[in-house]
Amino acid sequence: MGEDCRAVEAGQVGAAARWRGAGVLTYSQLAALKEEIGASGRVLAHSVLGDMGGPLRAGDILRHATEHQLDTYLLPLIRGERACCFSLTETDAGSDVRSLRTVAVRDGDGYRLTGHKVFSSAGPFADFAIVVARMAGTGEQGSDKPRFSAFLVDLDSPGCHVEDGATPMSGEHIESDIVLADCYVPAANLLGEEGGGMRIALGRVTTNRLLHCPTVLGATRRAVQLTLDRTRTRQVAGQPLLMLQAIQHKVADMATELYAARSMTYAALAALDEGREVHAEAFMCKLFVAESAFRILDEAVQIHGKEGLTQGNEIEYLFRKIRMFRILTGTSEIQRNGIAKLLAFHH
């Protein structure tokens, strides 16, 4: 993360440039770097650009931050001095984020937060969390519509407790629960305007949804290469496995799907670099990349045979990792809902 913020997410360009002027990556450049790291096969590849605690956890919230918030939280985050997590999901509020039960009550010059967040990625080693909560007195039965606000919450604050979260199928200990019990948050830590928290949260998710795709593409590219290596060296009936037409067709389809997924992702990123809205494209890329990557990894396991089912084999690990992406950052069904809604609205 050097002082010139080379690893800063492209969505943070506007604000970051006020302090660090040079060396900021475009979306496409950042994506290319993320893809290469994803294809490296390194166990800690997901930590290199701060996906698990650095700038990418913050998304595009820089443009909503005050000078105090930038100096205290976000610029130290960009410099790699602090780590954060994003706390939106609750047990009964996953895809239906508007069912959040975490409540913020005004208290003098600040707020009191009470609730239980789950699946806070990077929570085990984060210093602070971006927490979205419903304003007390809104969205209750017979009341008006719910209003949500976003807060920067120091995880060592009184009333805030970080608990071990569920371990995902990838086996990585990267999740935590954030338990808030009358936790005081000063008004200076309110992100944006009161009641504007959901817009901030969903804006961050839209950007990150697209920026997760290159990492998955890199991991999928790694799986295709491992499969090609395997089929070239594995002997069947005195010849390499790759000489069988059935295998040739499988790897041809795998490579073609990867090319299609990669092409649409970088097309959307190029549009983002031009300042265009890519809400529908982000949904489409997340959907297509997730589903294509899963099909490719499924074939990779099949071609590897029993070795592809064996724990400790890289293909087996990649399969579990890629399977998660069909759910993380919004399920494939949620992506389809978003696409259909946008198509209906614009047509």
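The values are calculated or read from the model by the stated rules, or taken from the named source; none is laboratory data. Model, not experiment: these values are computed from the prediction. Note: ideal-geometry Cβ built from the backbone for every residue, glycine included; neighbour counts use all protein chains shown.
So here's what we get for this one:
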read-out: Strands (runs of 3 or more DSSP E) enclosed by segment 95-173 - at least 3 residues per element that are hydrophobic (A, V, I, L, M, F, W, C) and crowded, with 16+ Cβ neighbours inside 10 Å; value: 128-135, 148-154
read-out: Verdict on A290 being under 18 Å from the mean Cα position of the chain (by Cα) and either within 15 Å of C213 (Cβ to Cβ) or not hydroxyl-bearing (S, T, Y) (or both); value: yes
read-out: Segment 41-84, subset within 30 Å of N313 (Cα to Cα), modelled with pLDDT of 70 or more and in contact with a Lys or Arg (Cβ under 7 Å, 6 or more places away or on another chain), residue surrounded by the most Cβ atoms within 10 Å (Cβ to Cβ); value: L49
read-out: Condition broken by R326, with the remaining ones in (1) free of Cβ contacts under 8 Å to residues at least 12 places away in the same chain; (2) part of a loop (DSSP other than H, G, I, E, B) satisfied; value: (1)
read-out: Residue among V205, V185 that is touching a Leu at 6+ places or on another chain (Cβ under 7 Å) and either buried (at least 16 other Cβ atoms within 10 Å of the Cβ) or part of a helix (DSSP H, G or I) (or both); value: V185
read-out: Within segment 268-285, considering residues that are touching a helix residue (DSSP H, G or I) at 6+ places or on another chain (Cβ under 7 Å) and surrounded by fewer than 20 Cβ atoms within 10 Å (Cβ to Cβ), the one nearest to R336 (Cα to Cα); value: A280
read-out: Subset of segment 85-94 that is free of Cβ contacts under 8 Å to residues at least 40 places away in the same chain and in a strand (DSSP E or B) - its residue that is surrounded by the most Cβ atoms within 10 Å (Cβ to Cβ); value: E90
